[in-house]
Amino acid sequence: MESASLAEPGEVTVERPKLKANAIGFVSNIVIGVASVAPGYSLAATLGFIAAVSGLGFQAPAAIWVAFLPMAAIALAYYFLNKADPDCGTTFSWMTKAMGPLWGWQGGWAILVADVLVMPNLAQIAAQYTLNLFGDGSPSNTAVTIIGIGWIVLMTIICYIGIELNARTQRVLLAFEFFVLVIFAVVTLIKVYTGHPTGSVHPNISWFSPFAIKGGLSALNGGLLLAIFIYWGWDSGVSVNEETEDSTEAPGKAALISNVVLVLIYLLVTTAAAAYGGLGNLVHNQADVFSPLGHSVFGGGLDKILTLAILCSASASTQTTILPTARTTLSMGRAGAIPEKFGEVNPRFLSPGFSTIWMGTVSTILFVVLMATSVNLIADAFTALAVTIAFYYGFSGYACVIYYRKQIFETARKFVMLCLIPLLGALFLTWIIVKAVIVYSAADGGYAKPILGIGSPIAIALLTVVLGLIGMAIQRITMPAFFRRKREIAPADILAGDPIAVGRHG
């Protein structure tokens with residue numbers, strides 16, 4: 001097993017385990033980033049809610065492309081941070097360097113929490129679509145639980161075996177998903193313009209204008225709170241940076257490209273779905289806008305390929321959610337932030353062996369518990385992600401500004417690329433945290449009953465914050481070396497020769 005030294009000033013040099021270098025290429029990196037977002041599933045489960053929020057209606061595409069802007073800003077921050085420090089811990093490593101170990105630990109915890117909370121939802125959807133594919137339209141909780149466990153176990157095994165098998169699996173799943181989504185959009189728009197189905201509407205340029213939203217800024221705000229969800233996950237491609245060819249450049253560029261790919265497919269499919277089924281289909285089928293359209297668009301029998309595409313989307317995301325979590329805990333383990341067992345690399349597959357098994361086990365336990373107690377809590381756990389996602393994405397933006405603080409005033413272009421754009425993205429996501437707390441803390445802010453008078457999504461988020469603080473306190477007592485680390489600044493020449501980064505060397 002390969003190893004590399006890791007040491008802080010004044011500390012004894014230790015050997016850290018190393019993942020399999022140059023195992024995947026640039027295209028595979030993009031595939032992992034896009035697949036982790038699960039575009040088919042994300043649209044099916046969220047588009048109806050975006051359209052229904054505060055009368056957003058046909059202006060849902062406007063909220064989708066506006067939400068892309070802060071995601072692109074944070075992706076730019078990821079590019080520059082990864083260029084200086086291609087560590088698979090991503091936000092954990094970068095916040096530790098830029099803001100100190102206390103903030104870094106919380107950044108790593110936020111990634112862990114977000115990925116664990118979403119796993120029950122992904123397993124549930126994968127199980128439901130599996131059963132729907134074989135004709136069971138109203139599956140029992142027991143059947144969903146068993147099939148869901150099977151999906152988690154299968155994807156954990158694939159992640160354990162290694163990144164190459166992960167990448168090959170994702171290529172197949174994503175290729176089929178995108179093929180079906182594009183065919184669906186094209187056939188749908190052709191039928192709208194040639195067949196004029198009942199309730200159909202010709203797309204209008206005003207659908208893409210945030211200034212045309214009847215509910216104004218209030219409606220747009222509500223739509224953005226939901227639209228942020230459909231972009232989350234593109235950072236999975238960066239989390240496999242140590243295993244990617246050209247690790248300092250390719251993962252960051254892949255993150256930027258992933259976001260562009262996502263906004264394009266989202267706008268195409270959203271426009272087609274809204275045009276074919278009209279506003280009524282979006283508003284009245286919020287749980288799944290595609291199922292009612294599948295039979296009408298593709299005809300009898302062929303509608304199953306849309307179901308299969310959503311299944312591929314959810315299962316692919318289940319796999320790519322395990323990837324970043326295992327690598328974050330691997331990075332934290334080898335840095336001494338959590339027990340070193342998490343930092344072990346499997347000597348045969350050169351994958352995060354213990355961390356991967358741990359993630360699969362915790363996800364399975366949480367999924368079973370929530371399915372047995374309250375299915376509504378699964379939905380509310382998913383809703384609670386607004387806080388954790390916005391936190392670790394937003395603070396990655398702040399970390400970029402702080403890490404490059406010695407360089408941001410050297411030129412106007414460096415100020416824009418290293419400071420202004422990441423900072424605007426971070427500020428927007430900070431606002432998302434505030435907005436989410438206001439909306440979801442209301443007694444009726446979740447699907448399950450309020451907890452101590454607070455909406456269950458925010459109650460779940462608060463519980464994770466408390467657990468994180470307790471966990472950090474325990475680690476600070478039992479493993480104090482990590483918490484003695486000092487803040488760092490980016491090397492002065494890190495941007496030399498960078499075709500994206502600019503300045504005296506750009």
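The values are calculated or read from the model by the stated rules, or taken from the named source; none is laboratory data. Here the structure is a predicted model, which is why all the values come from computation and not from measurement. FYI the Cβ positions are ideal-geometry reconstructions off the backbone, even for glycines, and counts take in every protein chain you see. Surface accessibility is based on the protein's heavy atoms, side chains included, excluding ligands, DNA and RNA. Shrake-Rupley method; radii C 1.70, N 1.55, O 1.52, S 1.80 Å.
Would you rank TRP151, TRP232 by solvent-accessible area, highest first, keeping every protein chain in place and using a 1.4 Å probe? Provide the component values of the computation, followed by the final result.
Working: TRP151 50, TRP232 25 Å².
Reading off the accessible areas and sorting them downward yields TRP151, TRP232.
Listed by chain and number, the lysines placed with their C-alpha closer than 24 angstrom to that of LYS214 are LYS435; residues fewer than eight positions away on the same chain are left out. Place a label point 7 angstrom from the Cα of GLN286 along the Cα-to-Cβ direction, then list the residues of region 437-473 whose backbone nitrogen is under 18 Å away. Under cut-off, by backbone N: 437-450, 455-458. Taking all protein chains together, TYR41, TYR398 sort by accessible area into TYR398, TYR41, largest first [probe 1.4 Å].
A probe of 1.4 angstrom, applied to the heavy atoms of all protein chains, finds GLU340 with accessible area near 150 square angstrom. Taken per residue, the accessible surface of the chain reaches 38 Å², heavy atoms only and a 1.4 Å probe. The stretch between ILE477 and THR373 holds 34.0 nm of extra length on full extension. This uses 0.36 nm per residue minus the Cα-Cα distance. Here the chain exposes an accessible surface that is 68 percent carbon and sulfur, computed with a 1.4 Å probe and the other protein chains kept in place.
Pairs of alpha-carbon atoms within less than 8 angstrom and 6+ residues apart define the contacts here; what relative contact order does region 34-125 have, in percent? Value for region 34-125: 11 percent.
Projecting the Cα atoms of GLY336, ILE365, LEU306 onto the charge dipole of region 296-369, computed from C-beta unit charges around the Cα centre, puts GLY336 farthest toward the positive end.
Here the chain is scanned for trypsin sites (Lys or Arg not before Pro) in DSSP loops (not H, G, I, E, B) that have at most 12 other Cβ atoms within 10 Å, and the longest stretch holding none of them is 1-213.
Available extension along the chain between LYS486 and SER206 is 95.7 nm, counting 0.36 nm per residue and deducting the alpha carbon span. Under the convention that each Lys and Arg Cβ holds +1 and each Asp and Glu Cβ holds -1, the size of the dipole of the chain around its Cα centre is about 640 debye. Subtracting the Cα-Cα distance of LEU133 and THR361 from their residue separation scaled by 0.36 nm leaves 79.4 nm.
For the residues ASP288, ASP380, ASP444, a 1.4 Å probe over the protein chains yields an accessible-area ranking, largest first, of ASP444, ASP288, ASP380.
Only protein heavy atoms count here; under a 1.4 Å probe, HIS196 has an accessible surface of about 110 Å².
Label-to-label distance, ARG405 versus VAL66, with points set 7 angstrom from Cα along the beta-carbon direction: 3.3 nm.
Measuring only protein heavy atoms, the 1.4 Å probe finds SER291 accessible over about 70 Å².
Across the chain, the relative contact order, built from alpha-carbon pairs under 8 Å that are at least six residues apart, equals 29 percent. Label-to-label distance, LEU420 versus LYS18, with points set 7 angstrom from Cα along the beta-carbon direction: 4.0 nm. Distance between the pseudo-spin-label points of LEU467 and ILE146 (7 Å out from Cα toward the beta carbon): 2.8 nm.
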